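Worksheet for the structure shown next.
Values quoted throughout were computed directly from the atomic coordinates according to the rules given, and no laboratory measurement underlies them. From a predicted model like this one, the values you see are computed outputs, not experimental measurements.
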Amino acid sequence: MELLSGPVAVVTGAGSGLGLALAERFASAGLSVVVADVQGDALAAALEQVAAHGGDVLAVRCDVSAETDVEALVESTLARFGAVHIVSNNAGVAPRSDPWFGPITSWQWVMGVNFWGVVHGCRAFLPHLLGGGHIVNTASIAGLYPGFSPAYDASKHAVVAISEGLFGMLDLAGLPVGVSVLCPGWVRTGIADADRNWPPVLGDRPPPAPSAAVVEPHVRRAIDEGATPAYIADAVTDAVQAGRFWVIPQQEFLDLAVRHWHTIATGLIRRRSNRRPACRRATRSSPR
Ligand SMILES: NC(=O)c1ccc[n+]([C@@H]2O[C@H](COP(=O)([O-])OP(=O)(O)OC[C@H]3O[C@@H](n4cnc5c(N)ncnc54)[C@H](O)[C@@H]3O)[C@@H](O)[C@H]2O)c1
């Protein structure tokens, strides 16, 4: 779909990072933009920053994990602009706690934002896009190549699956709604501190995993050395205009995913350690 003056774009998680860059990119292309985020101060700053690119901008506080908030976001968008054309389900979080020994609330938080946020966004906005529109779901390369953290990987695999299913369904039905799924590698954003938005309703913020002391400095460095949000935003707008489904803007991460599928196809995956699980050792040494 053409990015011309007139259309209305909604971006969730627009208070920071990728969402903010996308909202700025849409505003500078002449679109009216709705910036939505759960973090009030970031949202207020984003409103000013995006409005500086021109165009009409509306800020809506919205927790995408809550269906009623996303429905209210639709209402606010239609009340202000009368229509919606592009929806970027972008809000996302990454856990720091241990997936297996830490509290289950960490899984609930990650799935609530990353998985349910995308489901709510697609379901709430789709009926209003049927005259012509485009949905962009932000997954991650972790949606194709697990290894970051189990809850994050699972949520992003789900986003890829949801997006492919939606794309296929709309295509089959011949409806004029495009779908893209964004799978970036590392990007210079605030994701390493995502638990700044830990929802108190889930209880205490879980402590970082013991391994975090070793792993986090590497993650933070990878993020610092990652792509700029503006570079990723350009790739998204190109994909929307071209009607392209896959948006995997960093070739080196696409290569990783391809290598992963190669290991699946050839059955090469195996334990890194040569040590056998204790139960198997016991079985082997036990008398027949
Ligand atoms: N940064 C990376 O390396 C990277 C890589 C791949 C994918 N992603 C994905 O990009 C998306 C954007 O993240 P980012 O990297 O820009 O991080 P970020 O932390 O800079 O931005 C995320 C935004 O989402 C908002 N948010 C958090 N919980 C929310 C909720 N419940 N409802 C609404 N908004 C909420 C935050 O306030 C923040 O403004 C996420 O889906 C993330 O998983 C990031």
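Please give the calculated 222 nm ellipticity per residue for the chain, where each DSSP H segment of at least 4 residues contributes -39500 (n - 2.57) and the sum is spread over every residue; nearest 500 deg cm²/dmol? Could you put the intermediate results ahead of the total?
Values: 10 runs with 129 residues, N = 288.
Estimated from H runs of four or more residues: -14000 deg cm²/dmol.
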Handout entry: Two-decimal Rg to Rh for segment 120-224 - Kirkwood Rh, Cα set
Key = 1.06
Practice task
Could you work out which residue, out of PHE81, PHE101, PHE148, moves most in a Gaussian network model of the chain, that is, has the largest mean-square fluctuation with Cα springs under 10 Å?
Solution key: PHE101
Completion exercise
If N is the residue count of the chain, its Cα Rg over 2.2 N^0.38 Å rounds to 1.07
Completion exercise
In the chain, helical segments from DSSP H whose Cα atoms cover 27 Å or more along their own axis and that average at least -1.0 on the Kyte-Doolittle scale are 150-173
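Looking at the P(r) of segment 16-165, how many percent of alpha-carbon pairs lie beyond 19 Å? List each step's numbers first, then the result.
On the way: 6018 of 11175 pairs.
In whole percent, the share of Cα-Cα pairs in segment 16-165 beyond 19 Å is 54.
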